[in-house]
Amino acid sequence: MRCKNDQPGFTLVESVLVLFVSSLILGITLVAFNYLGVIGNQEKRFFETLDSAWNEALIESQAHHHSTRVLFYPNDEVVFVKQEKSRLKNRVVKMSRGLSVKSYHDIEIKKDGYVKPQTIRWSSSGQKRLILQKIQLGWGAYHLETIKQN
C-alpha cells in the first residue's frame, strides 16, 4: 500500500499484526526459558537434598554401627532405610519433576560406611541430559557426571 504522498509504507493493520506476532514469539521464548530454569533449580535442590541425606546415612552408619539401605525407585523417590534398635526408620527424598533414575537400585551402606562401587544412571527430560552418579572407592564417596543428550 502507498501513503498519501506515494511513498511505500505499512498500514496500521500490518504494523499491529507484526507487533502481535513478535510479542507472541517473545512470550513463548520467555516462558520456555523460565520453565527450563525452574526445572534446573528443582534438580539442583533435589541433588543437594540427596547428597545431604547420603552423607548423613554414611555418618550414622559408621557412628552407630548399623547398615542403611538406599532404595532408588524409578520416577518416584529415593528412600533411606535404617534399622534403629528394633524398628525401621525411613527418610524419603522425592525426585523433582522430569528427573528419573533409569532402573531400580538397592544399595547398602554397611556398618563401617563401605558401599560397593557402582554407577546409577539418571535421566533429566527437562534438561535433556543423562546424569551418572558414580559411587567410587567403596567408602561412600560419589560424584555426578553430566552427559548432554541430543
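Only the coordinates and a few stated rules stand behind these numbers; no lab work does. These numbers were taken from a predicted model, which means no experiment stands behind them.
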- [ ] Note the full-extension length gain between residue 143 and residue 112 as 0.36 nm times their separation in residues minus their Cα-Cα distance, in nm to one decimal.
- [x] 9.1 nm
TODO: Send over the semi-axes of the chain's equivalent ellipsoid, whole angstrom and largest first, taken as the square roots of 5 times the C-alpha gyration tensor eigenvalues.
DONE: 54, 14, 11
Open item on the list: Ignoring everything except DSSP H segments at least 4 long, calculate the 222 nm mean residue ellipticity for the chain; use -39,500 (n - 2.57) per segment, divide by total residues, nearest 500.
Closed with: -13500 deg cm²/dmol
Open item on the list: Could you work out how much longer the chain between residue 75 and residue 136 gets when fully extended? Use 0.36 nm per residue separation minus the Cα distance between them, nm to one decimal.
Closed with: 19.5 nm
Open item on the list: As a quick test, which of the pairs 85/128; 44/89; 111/148; 94/134; 82/128; 89/116 have an alpha carbon distance above 32 angstrom in this structure?
Closed with: 85/128; 111/148; 82/128
Open item on the list: Assuming 0.36 nm per residue, please report the length gained on full extension of the stretch residue 65 to residue 28 beyond their Cα-Cα distance.
Closed with: 7.9 nm
